[in-house]
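Trainee: One structure, pasted below without further comment.
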Amino acid sequence: MKKLDRKQLAARLARDIPEGAYVNLGIGLPTLVADHLPKGREIIVHSENGVLGLGPRPAPGAEDEDLTNAGKEPATLLTGGAYFHHADSFGMIRGRHLDFAVLGAFQVSVAGDLANWHTGGADDIPAVGGAMDLAVGAKQVLVMMEHLTKDGKSKIVERCTYPLTGARCVNRIYTDLAVIDVKPDGLHVVDLVEGLSFEELQRLTGVSLKKFLTAA
Amino acid sequence: MENQLNVKSEQFEDAIIAPVIDKIVPSLEAALADIPDGATIMIGGFGNSGMPSALIDALIAQGARNLTIVNNNAGNADTGLAALVGAKRVRKVLCSFPRQTDSWHFDRLYRAGEIELELVPQGTLAERIRAAGAGIGAFYTPTAYGTRLAEGKETRRIGDRDYVLEYPIHADYALIKADRADRWGNLTYRMTARNFAPIMASAATCTVAQVREIVELGGIDPEVVVTPGIYVKRVVKVATTLRKAA
């Protein structure tokens with residue numbers, strides 16, 4: 001089978017963001033999605049620190065310390081973009097105005113519980129940022145992660161063992177192996193990478209999956 | 001009766017000629033001189049964007065200790081908020097995201113048990129600050145329901161959703177960075193440097209703004225004032241060259 005690399009995963013997810021969508025891209029892996037949004041499709045990226053219409057990374061030398069993304073990296077604003085303060089920014093999030101939030105994850109449960117902010121380790125300094133607001137606020141929460149941990153365990157689990165970010169909040173999971181919808185009756189596999197069978201994915205994932213492959 | 005009114009009117013006109021509202025203070029030292037030990041201080045900024053670095057440096061020089069700091073983060077590298085934390089002036093931090101690759105001052109003190117942390121989801125942090133400024137007693141938010149950060153808090157089911165009760169965060173001081181100001185304290189900002197500053201300005205008893213430029217009254221188009229002067233007590237101009245982001 002051909003696992004998707006980080007860029008391919010970002011491109012696979014980006015393909016599903018429709019014209020006219022308002023979308024927040026979490027820090028880390030989800031930020032890559034911005035580089036792969038289909039050209040010519042008008043999509044408005046929201047950033048927690050008070051931006052709608054976030055543009056690409058500026059050219060070297062054109063950075064401005066007063067314009068950053070939620071990962072505190074230099075950013076640009078698209079023509080038509082807007083700035084606003086933090087309470088407005090999160091009002092937009094909690095008020096269900098964003099069509100999509102794309103978030104990274106340590107674990108997602110079969111019920112759609114998300115764990116992505118804290119390993120729970122005694123020496124781990126907890127940091128949550130805007131993840132809990134995005135998890136409850138966006139109309140659709142898309143998770144983007146590697147399917148397996150470094151030691152081969154499934155990150156899709158029966159019950160999250162890491163502290164939760166949000167309960168029953170994930171709508172769809174994009175991994176380097178598959179695309180899986182979280183439905184009330186369980187996990188529906190809608191896409192698989194080339195050369196991977198449903199049975200093999202089921203074996204790797206551990207929890208029960210349903211086969212709903214669409215012609216990709 | 002008519003005469004008395006006329007007298008008052010003349011006095012009022014005199015008052016307008018000699019500015020009675022002048023929030024511009026001559027120095028950073030003067031702007032922060034009365035901050036006592038144990039104060040709760042909101043500091044604007046999201047990472048380095050919008051961080052009032054000149055005010056923070058002046059606060060370090062001023063010497064107040066045992067402070068409670070409200071900011072999105074807990075300091076980056078060795079300057080600004082990180083320097084204040086590193087100088088052991090901070091007893092407690094309320095923030096959403098302390099852990100950064102370069103938050104070594106906070107990390108060290110936290111692991112040594114020398115600094116207290118109240119971790120607040122970013123939107124809840126913003127809304128608690130906004131609520132303080134807007135006179136709201138408490139509010140229910142869906143954020144963090146069913147998570148560790150809601151443990152011990154009142155919850156309530158409203159309609160088909162579950163909510164967590166959250167209380168406002170008030171501060172004694174807010175230190176913020178703005179772009180332009182006038183002597184009434186009206187403020188504008190630059191791009192994402194705005195972030196928490198407008199809501200923090202409303203939530204503190206004494207808001208101090210460091211600004212790049214001071215203009216005459218009327219020099220800011222009233223349609224574009226972001227923070228009206230009612231929220232601002234002191235304005236201090238800081239020589240700024242726009243630094244490029246790291």
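Trainee: For the stretch B:68-80, how many residues are of a type outside the set (Gly, Ala, Ser) and surrounded by fewer than 24 Cβ atoms within 10 Å (Cβ to Cβ)?
Mentor: Of all residues in the stretch B:68-80, those of a type outside the set (Gly, Ala, Ser) come to B:68-73, B:76, B:78-79.
Of the ones still in play, those that are also surrounded by fewer than 24 Cβ atoms within 10 Å (Cβ to Cβ) are B:68, B:76, B:78-79.
Of the residues in that region, 4 qualify.
Trainee: Could you please let me know if residue A:93 is in contact with a Gly (Cβ under 8 Å, 6 or more places away or on another chain) and crowded, with 23+ Cβ neighbours inside 10 Å?
Mentor: Working: in contact with a Gly (Cβ under 8 Å, 6 or more places away or on another chain): yes; crowded, with 23+ Cβ neighbours inside 10 Å: yes.
Taking the combined requirement at face value, the residue satisfies it.
Trainee: Since residue A:64 meets every condition but one in (1) over 23 Å from residue A:171 (Cβ atoms); (2) touching a residue at least 24 places away in the same chain (Cβ under 8 Å), which condition does it not meet?
Mentor: Condition not satisfied by residue A:64: (2).
Trainee: Could you count how many residues in the stretch A:186-200 are without any contact (Cβ under 8 Å) to a residue 40 or more places away in the chain and either of a type in the set (A, V, I, L, M) or farther than 20 Å from residue A:9 by Cβ (or both)?
Mentor: Residues flagged as without any contact (Cβ under 8 Å) to a residue 40 or more places away in the chain and either of a type in the set (A, V, I, L, M) or farther than 20 Å from residue A:9 by Cβ (or both) within the stretch A:186-200 amount to 4.
Trainee: Still on this structure: Identify all residues within the stretch B:134-149 that are within 9 Å of chain A (Cβ to nearest Cβ) and either touching a helix residue (DSSP H, G or I) at 6+ places or on another chain (Cβ under 7 Å) or not charged (D, E, K, R) (or both); write none if there are none. Let's see the steps before the verdict.
Mentor: Pass one, the stretch B:134-149, residues within 9 Å of chain A (Cβ to nearest Cβ): B:141-149.
Selection gives B:141, B:142, B:143, B:144, B:145, B:146, B:147, B:149.
Trainee: Quick check on the stretch B:1-48: of everything there that is over 22 Å from residue B:182 (Cα atoms), modelled with pLDDT of 85 or more and of a type in the set (S, T, N, Q), which residue is surrounded by the most Cβ atoms within 10 Å (Cβ to Cβ)?
Mentor: Filtering first and then ranking leaves B:48.
Trainee: Name every residue in the stretch B:90-114 that is of a type in the set (Phe, Trp, Tyr) and surrounded by fewer than 19 Cβ atoms within 10 Å (Cβ to Cβ), in order of residue number.
Mentor: Of the residues in the stretch B:90-114, the ones of a type in the set (Phe, Trp, Tyr) are B:97, B:104, B:106, B:110.
Of everything in the stretch B:90-114, just one residue is of a type in the set (Phe, Trp, Tyr) and surrounded by fewer than 19 Cβ atoms within 10 Å (Cβ to Cβ), namely B:104.
Trainee: Applying the selection to the stretch A:11-31, what residues are modelled with pLDDT of 95 or more, aliphatic (A, V, I, L, M) and under 20 Å from residue A:72 (Cα atoms)?
Mentor: A:23, A:25
Trainee: For the stretch B:152-173, state whether one or more residues are more than 14 Å from chain A (Cβ to nearest Cβ) and buried (at least 19 other Cβ atoms within 10 Å of the Cβ). Lay out the reasoning, then the answer.
Mentor: Narrowing the stretch B:152-173 to residues more than 14 Å from chain A (Cβ to nearest Cβ): B:152, B:154, B:156, B:165, B:167, B:170-173.
Then drop every residue that is not buried (at least 19 other Cβ atoms within 10 Å of the Cβ), which leaves B:171, B:173.
Yes, the stretch B:152-173 contains at least one residue that is more than 14 Å from chain A (Cβ to nearest Cβ) and buried (at least 19 other Cβ atoms within 10 Å of the Cβ).
Trainee: While we're here: Which residue pairs have Cβ atoms closer than 7 Å, lie 6 or more positions apart in sequence or on different chains, and pair a first residue in the stretch A:1-14 that is part of a helix (DSSP H, G or I) with a second residue that is of a type in the set (Asp, Glu)?
Mentor: A:9/A:176; A:10/A:35
Trainee: Can you name the condition, by its number, that residue B:79 falls short on among (1) under 20 Å from residue A:118 (Cα atoms); (2) more than 12 Å from chain A (Cβ to nearest Cβ); (3) out of contact with any Phe, Trp or Tyr (no Cβ under 8 Å at 6 or more places or on another chain); (4) assigned to a loop (DSSP other than H, G, I, E, B)?
Mentor: Here residue B:79 clears every test but (1).
Trainee: Here is a follow-up. The conditions are (1) buried (at least 18 other Cβ atoms within 10 Å of the Cβ); (2) out of contact with any strand residue (DSSP E or B) (no Cβ under 9 Å at 6 or more places or on another chain), and residue A:68 fails exactly one of them. Which is it?
Mentor: Answer for residue A:68: the failing condition is (2).
Trainee: Something else: Within the stretch B:204-219, identify whether any single residue is more than 10 Å from chain A (Cβ to nearest Cβ), outside any strand (DSSP E or B) and either polar (S, T, N, Q) or buried (at least 20 other Cβ atoms within 10 Å of the Cβ) (or both), and answer yes or no.
Mentor: Scanning the stretch B:204-219 turns up no residue that is more than 10 Å from chain A (Cβ to nearest Cβ), outside any strand (DSSP E or B) and either polar (S, T, N, Q) or buried (at least 20 other Cβ atoms within 10 Å of the Cβ) (or both).
Trainee: Continuing with this model, one more query. Do we find that residue B:192 is out of contact with any His (no Cβ under 9 Å at 6 or more places or on another chain), assigned to a strand (DSSP E or B) and hydroxyl-bearing (Ser, Thr, Tyr) in this structure?
Mentor: On the way: out of contact with any His (no Cβ under 9 Å at 6 or more places or on another chain): yes; assigned to a strand (DSSP E or B): no; hydroxyl-bearing (Ser, Thr, Tyr): yes.
Here the answer is no, as residue B:192 does not meet what is asked.
Trainee: Follow-up. Give the residue that is surrounded by the fewest Cβ atoms within 10 Å (Cβ to Cβ), with candidates limited to residues of the stretch A:71-90 that are at pLDDT 95 or above and more than 8 Å from chain B (Cβ to nearest Cβ).
Mentor: For the stretch A:71-90, the residue satisfying everything is A:79.
Trainee: How many residues does the stretch A:35-54 hold that are within 12 Å of chain B (Cβ to nearest Cβ), without any contact (Cβ under 8 Å) to a residue 60 or more places away in the chain and either more than 23 Å from residue A:94 (Cα to Cα) or touching a His at 6+ places or on another chain (Cβ under 8 Å) (or both)?
Mentor: Number satisfying all stated conditions: 4.
Trainee: Then there is this: Return the residues of the stretch B:193-205 that are out of contact with any Asp or Glu (no Cβ under 6 Å at 6 or more places or on another chain) and among the hydroxyl-bearing types (Ser, Thr, Tyr); say none if nothing qualifies. Can you show your working first?
Mentor: Step one: list which residues in the stretch B:193-205 are out of contact with any Asp or Glu (no Cβ under 6 Å at 6 or more places or on another chain), which gives B:194-204.
Answer for the stretch B:193-205, where residues must be out of contact with any Asp or Glu (no Cβ under 6 Å at 6 or more places or on another chain) and among the hydroxyl-bearing types (Ser, Thr, Tyr): just B:202.
Trainee: Continuing with this model, one more query. Quick check: anything in the stretch B:150-157 in a loop (DSSP other than H, G, I, E, B), more than 17 Å from the chain's Cα centre (by Cα) and not charged (D, E, K, R)?
Mentor: At the first step, the residues of the stretch B:150-157 found to be in a loop (DSSP other than H, G, I, E, B) are B:151-154.
This time we only want the ones that are more than 17 Å from the chain's Cα centre (by Cα), so: B:151-154.
With the extra rule that they be not charged (D, E, K, R), the set shrinks to B:152.
Scanning the stretch B:150-157, I find at least one residue that is in a loop (DSSP other than H, G, I, E, B), more than 17 Å from the chain's Cα centre (by Cα) and not charged (D, E, K, R), so the answer is yes.
Trainee: Could you run through the stretch B:82-133 and say how many residues are among the hydrophobic types (A, V, I, L, M, F, W, C), part of a loop (DSSP other than H, G, I, E, B) and more than 7 Å from chain A (Cβ to nearest Cβ)? Steps first, answer last, please.
Mentor: Start the filter on the stretch B:82-133 by keeping residues that are among the hydrophobic types (A, V, I, L, M, F, W, C), which leaves B:82-85, B:87, B:90, B:93-95, B:97, B:104, B:106, B:109, B:112, B:115, B:117, B:119-120, B:125-126, B:129, B:131-132.
If we keep only those that are part of a loop (DSSP other than H, G, I, E, B) too, we end up with B:87, B:97, B:112, B:115, B:120.
From the residues that got through so far, the ones that are more than 7 Å from chain A (Cβ to nearest Cβ) too are B:87, B:112, B:115, B:120.
Counting residues in the stretch B:82-133 that are among the hydrophobic types (A, V, I, L, M, F, W, C), part of a loop (DSSP other than H, G, I, E, B) and more than 7 Å from chain A (Cβ to nearest Cβ) gives 4.
Trainee: Would you say residue A:60 is surrounded by fewer than 20 Cβ atoms within 10 Å (Cβ to Cβ) and away from chain B (no Cβ under 12 Å)?
Mentor: On the way: surrounded by fewer than 20 Cβ atoms within 10 Å (Cβ to Cβ): yes; away from chain B (no Cβ under 12 Å): no.
No, not satisfied.
Trainee: Any idea which residue in the stretch A:98-121 is farthest from residue B:122 (Cα to Cα), counting only those that are at pLDDT below 95 and more than 10 Å from chain B (Cβ to nearest Cβ)?
Mentor: In this case the residue turns out to be A:121.
The values are calculated or read from the model by the stated rules, or taken from the named source; none is laboratory data. Computed from a predicted structure; not experimentally measured. Note that each Cβ is placed from the backbone with ideal geometry, even for glycine, and that neighbours are counted across all protein chains shown.
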